[in-house]
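Enquirer: Following this message is one structure expressed as structure tokens.
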Amino acid sequence: MDDKIKDAMNQAYTGEAKAALRLKVYAQKAEAEGYKQMAKLFNVIAFSEEIHGARALRVLREIKGTEENLAASFESEKQVAEVAYDKFVKLAEEAGDKEAVLHFSQSRDVEETHAKLYKQAMSHFMEERETNYYVCKVCGYVADGVLPEECPVCGC
């Protein structure tokens, strides 16, 4: 694939992924405010944006076999936790933005947990271990198998 086309396709994917998430959050807000039809509209368009993003990933040939996808996801989470979020935390600390520091540090901790879950899944891949996952609705922490009484990242 031509480098310019690849760059454009990556930009399209990123834009679609961001739009899908933004619209889902808008739908939650509309639902909370009692605008059920607006929530439905936001959710439907978010789903459409997800389709666009998935198509872009297929064109970019980013979707591999499950073992390769696990390994790539592990590396991505590790990189985000160890490099990106550490940089973001330092930036927020330097700016004195306590809310941003909390967000970035909790997100970093959760990303590290995601990496551990991927690594564990890679080691158990062939045995098809079954488990339940529980997600903290405040910080996104993912618990494997046991629902903690209190989130180990944010305390909720």
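Enquirer: Restricting the range 83-98 to residues that are within 28 Å of residue 62 (Cβ to Cβ) and of a type outside the set (Ser, Thr, Tyr), which is surrounded by the most Cβ atoms within 10 Å (Cβ to Cβ)?
Expert: 88
Enquirer: A further question on this structure: Taking only pairs six or more apart or across chains, which ones have beta-carbon atoms under 6 Å, a first residue in the range 44-56 that is within 16 Å of residue 28 (Cβ to Cβ), and a second residue that is in a helix (DSSP H, G or I) and open to solvent by 40 Å² or more (accessible area, probe 1.4 Å)?
Expert: 46/24; 49/16
Enquirer: Being surrounded by 12 or more Cβ atoms within 10 Å (Cβ to Cβ), more than 30 Å from residue 5 (Cβ to Cβ) and not hydroxyl-bearing (Ser, Thr, Tyr) is true for just one of 101, 80. Which residue is that?
Expert: Every option except 101 fails the conditions.
Enquirer: I've got another one for you. Please indicate, with yes or no, whether at least one residue in the range 27-35 is surrounded by 14 or more Cβ atoms within 10 Å (Cβ to Cβ) and in contact (Cβ under 8 Å) with a residue 24 or more places away in the chain.
Expert: Looking through the range 27-35, none of the residues is surrounded by 14 or more Cβ atoms within 10 Å (Cβ to Cβ) and in contact (Cβ under 8 Å) with a residue 24 or more places away in the chain.
Enquirer: Let me ask you something else. Would you please name the residue that is modelled with the lowest pLDDT, looking only at residues in the range 108-156 that are surrounded by 12 or more Cβ atoms within 10 Å (Cβ to Cβ) and of a type in the set (Ser, Thr, Tyr)?
Expert: 131
One line per residue, one yes/no per condition, for (1) over 29 Å from residue 153 (Cα atoms); (2) hydrophobic (A, V, I, L, M, F, W, C); (3) in a helix (DSSP H, G or I):
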position: 16; (1), (2), (3): yes, no, yes
position: 19; (1), (2), (3): no, yes, yes
position: 24; (1), (2), (3): no, no, yes
position: 27; (1), (2), (3): no, yes, yes
position: 69; (1), (2), (3): no, no, yes
position: 104; (1), (2), (3): no, yes, yes
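Enquirer: With respect to residue 11, determine if the residue is open to solvent by 40 Å² or more (accessible area, probe 1.4 Å), free of Cβ contacts under 8 Å to residues at least 24 places away in the same chain and under 20 Å from the mean Cα position of the chain (by Cα).
Expert: Yes, satisfied.
Enquirer: Please tell me if residue 67 is free of Cβ contacts under 8 Å to residues at least 40 places away in the same chain, open to solvent by 50 Å² or more (accessible area, probe 1.4 Å), under 30 Å from residue 120 (Cα atoms) and acidic (Asp, Glu).
Expert: When the stated conditions are applied, residue 67 does not pass them.
The values are calculated or read from the model by the stated rules, or taken from the named source; none is laboratory data. The model shown is predicted, which means the values in this text are computed figures rather than measured ones. Using ideal geometry, Cβ is built from the backbone for each residue, glycine included, and neighbour counts are taken over all protein chains shown. What goes into the accessible areas is simple: the full protein's heavy atoms, side chains included, and nothing from ligands, DNA or RNA. Shrake-Rupley method; radii C 1.70, N 1.55, O 1.52, S 1.80 Å.
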